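Asks: Dropping the structure in here first, questions after.
The values are calculated or read from the model by the stated rules, or taken from the named source; none is laboratory data. All values reported here derive from a predicted model rather than from experimental measurement. So basically every Cβ, Gly included, is an ideal-geometry build from the backbone, and we count neighbours across all protein chains shown. Heavy atoms of the whole protein, side chains included, go into the accessibility calculation; ligands, DNA and RNA do not. Shrake-Rupley method; radii C 1.70, N 1.55, O 1.52, S 1.80 Å.
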Amino acid sequence: MKDYFFLPAFFLWAIAGIAQTDSIINVPLSQYVKDDRFDKYQLTMALFLTEGDTINSMDFEGTRPIKPIIIKRPKGAQIYAYGNLFFSGTQNSYNPGYVSVLVCNPYHKHPIIYIDQNQNFDFTDDAKFILPYFDEPGVEIELANEKVTEGKIKIVLTRNKLFGQKYDFKKQMEEYYEMAYKGRKFIGSEFTYREQRYITRAGIVRLGNETFKLALMDVNANGLYNEPEIDKILFNNANDTIMDATNPLNYVVISKAGKPSYFEKNDKLFKVIEADAAGRFIKIKISNDEVDFNKIAVGKKVPKVKLTMVKGRALKLNKLKRKEVYIYFGSRTSKNFKSDTLILRQIASLDTNSLKVICVLYVNKSYELRIFNTDAEPNYILAYGTKELSNKLGINSVPQSLYLGKRRRVKKYGLNPNEFLRDWIAKHP
């Protein structure tokens, strides 16, 4: 039994956290961060040549009649082009949900762009920016909500690179604008700009010796970050470089008005006390409230799920119905992952006849599971984590665990490997 004497040391962080249960933690969200769509999506800010002092309203691909708009242009340019940026934080009657832009000398190496944030179509009273050439860093533009002026999103514009293998994409783009925007002269795809959006603001939560990232995401890109049933609260491990807004293990949607929002992270339940409309901060506290988060009730059976293991082999959980099962859910960047998996090895060797141990590992690529299997040589079952599996088993964050009795009946959620090992040893001396 002496091999287990070191284990209580892992509880030190929990003792520190208990003392903060009634304390409100103010988390400054001081920086924009990339979400999973930032580098993935290829959004283009299309530009069309002006006709004197007139531009056309958006017809939303033929769903609305085109209206001519008289603009006021800065002097000095030979050619002008116009376009629109999606932003619902300010409004105008011509292009609802969009902000118009004017580009001076669009065929030059470094054109000048004006952003009509005040929506008066007078580009002489707007801020101007220098657009980049190929391979130059993008220009960063902030758009502010007209009612909450501190609430902003940031847009990065870089020159589209449509050479070589992107020829087909270039051809499709030009055919699309010719078909969908009739009555306008498209400037040409090589003179357009890629649009990438920062709509997430993040900070670091520090509790004793543990940290994680917490963020607010402006889902509808209007400069407001706390809209009920729309915007998201994101929580990632400290070492993760991108905030994942697609994986339910890493976010919750802000609850409907009048109801508190909760999220789970690192074996703790957090209650959101305040989410700032401008995304500048979020206030949270550790909570003891009863929130099930779609967990399966104690005593109820979990669904007959199928686990995908290394090399694509499948294991039906129902095959283990005559045994007790301890399932650990984690990722290689989740808190205490190394120590947790070390203890999993010890748990797996306790009683191979009546207890089975499963590690569900969430990875970006399936080959990462094979690499971990080769490196760790686990004596427990190693399975691939998926969103579908998480939803069916009521798993909302990692690390997490699920202890099943015989016939797949839930005994308890949330026993970390250390706690489970201690409990098992106490009950099976």
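Asks: With the structure loaded, tell me whether residue 43 is modelled with pLDDT of 95 or more, over 30 Å from residue 269 (Cα atoms), open to solvent by 20 Å² or more (accessible area, probe 1.4 Å) and not aromatic (Phe, Trp, Tyr) or whether it fails that test.
Replies: Against the criterion (modelled with pLDDT of 95 or more, over 30 Å from residue 269 (Cα atoms), open to solvent by 20 Å² or more (accessible area, probe 1.4 Å) and not aromatic (Phe, Trp, Tyr)), residue 43 does not qualify.
Asks: Which of the residues spanning the stretch 344-359 are over 17 Å from residue 426 (Cβ atoms) and surrounded by fewer than 13 Cβ atoms within 10 Å (Cβ to Cβ)?
Replies: Within the stretch 344-359, 349, 352, 353 qualify.
Asks: Follow-up. Somewhere in the stretch 245-255, is a residue open to solvent by 40 Å² or more (accessible area, probe 1.4 Å) and closer than 26 Å to residue 90 by Cα?
Replies: Yes, because at least one residue in the stretch 245-255 is open to solvent by 40 Å² or more (accessible area, probe 1.4 Å) and closer than 26 Å to residue 90 by Cα.
Asks: For the stretch 86-128, what are the residues that are within 29 Å of the chain's Cα centre (by Cα) and either farther than 19 Å from residue 222 by Cβ or open to solvent by 70 Å² or more (accessible area, probe 1.4 Å) (or both)?
Replies: 86, 91
Asks: Could you check residue 325 against (1) free of Cβ contacts under 8 Å to residues at least 60 places away in the same chain; (2) over 28 Å from the mean Cα position of the chain (by Cα) and say which number it fails?
Replies: Unmet for residue 325, out of (1) free of Cβ contacts under 8 Å to residues at least 60 places away in the same chain; (2) over 28 Å from the mean Cα position of the chain (by Cα): (1).
Asks: Collect the residues in the stretch 329-355 that are within 14 Å of residue 401 (Cβ to Cβ), within 29 Å of the chain's Cα centre (by Cα) and not small (Gly, Ala, Ser), keeping them in residue-number order.
Replies: Those that are within 14 Å of residue 401 (Cβ to Cβ), within 29 Å of the chain's Cα centre (by Cα) and not small (Gly, Ala, Ser): 329, 335, 336, 337, 340, 341.
Residues are listed down the side, and each one gets a yes or a no for (1) polar (S, T, N, Q); (2) out of contact with any His (no Cβ under 8 Å at 6 or more places or on another chain); (3) farther than 28 Å from residue 240 by Cα:
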residue: 338; (1), (2), (3): no, yes, no
residue: 342; (1), (2), (3): no, yes, no
residue: 349; (1), (2), (3): yes, yes, yes
residue: 372; (1), (2), (3): no, yes, no
residue: 375; (1), (2), (3): no, yes, no
residue: 381; (1), (2), (3): no, yes, no
residue: 398; (1), (2), (3): no, yes, no
residue: 406; (1), (2), (3): no, yes, yes
residue: 422; (1), (2), (3): no, yes, yes
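Asks: Of all residues in the stretch 367-397, how many are touching a strand residue (DSSP E or B) at 6+ places or on another chain (Cβ under 9 Å) and open to solvent by 70 Å² or more (accessible area, probe 1.4 Å)?
Replies: Kept after step one, since they are touching a strand residue (DSSP E or B) at 6+ places or on another chain (Cβ under 9 Å), are these residues of the stretch 367-397: 368-369, 372-373, 376, 378-386, 389-390, 393-397.
Within this subset, residues satisfying the condition of being open to solvent by 70 Å² or more (accessible area, probe 1.4 Å) are 379.
Selection size over the stretch 367-397: 1.
Asks: Something else about it: Just checking, how many residues over the stretch 211-245 are at pLDDT below 95, over 16 Å from residue 198 (Cα atoms) and β-branched (Val, Ile, Thr)?
Replies: 1
Asks: Test of understanding: among 114, 82, 133, which residue is hydroxyl-bearing (Ser, Thr, Tyr) and touching a helix residue (DSSP H, G or I) at 6+ places or on another chain (Cβ under 6 Å)?
Replies: The match here is 114.
Asks: From (1) open to solvent by 90 Å² or more (accessible area, probe 1.4 Å); (2) modelled with pLDDT under 90; (3) of a type outside the set (A, V, I, L, M, F, W, C); (4) closer than 21 Å to residue 155 by Cβ, pick out the condition that doesn't hold for residue 37.
Replies: (1)
Asks: Based on this model, can you work out whether residue 348 counts as free of Cβ contacts under 8 Å to residues at least 24 places away in the same chain and of a type in the set (Gly, Ala, Ser)?
Replies: Here the answer is no, as residue 348 does not meet what is asked.
Asks: While we're on this one: Report, by residue number, each residue of the stretch 177-206 that is modelled with pLDDT of 90 or more, of a type outside the set (D, E, K, R) and either part of a strand (DSSP E or B) or touching a helix residue (DSSP H, G or I) at 6+ places or on another chain (Cβ under 7 Å) (or both).
Replies: Hits for the stretch 177-206 are 186, 193, 196, 198, 200, 202, 203, 204, 205.
Asks: Would you mind listing the strands (runs of 3 or more DSSP E) fully within the stretch 40-123 where at least 2 residues are of a type in the set (A, V, I, L, M, F, W, C)?
Replies: 43-45, 68-70, 80-86, 98-104, 112-115
Asks: Among what's in the stretch 263-303 and is open to solvent by less than 20 Å² (accessible area, probe 1.4 Å) and charged (D, E, K, R), pick the residue that is nearest to residue 144 (Cα to Cα).
Replies: Per the stated criteria, the residue is 276.
Asks: Conditions: (1) under 17 Å from residue 86 (Cα atoms); (2) β-branched (Val, Ile, Thr); (3) open to solvent by less than 20 Å² (accessible area, probe 1.4 Å). Residue 158 meets all but one. Number of the miss?
Replies: (3)
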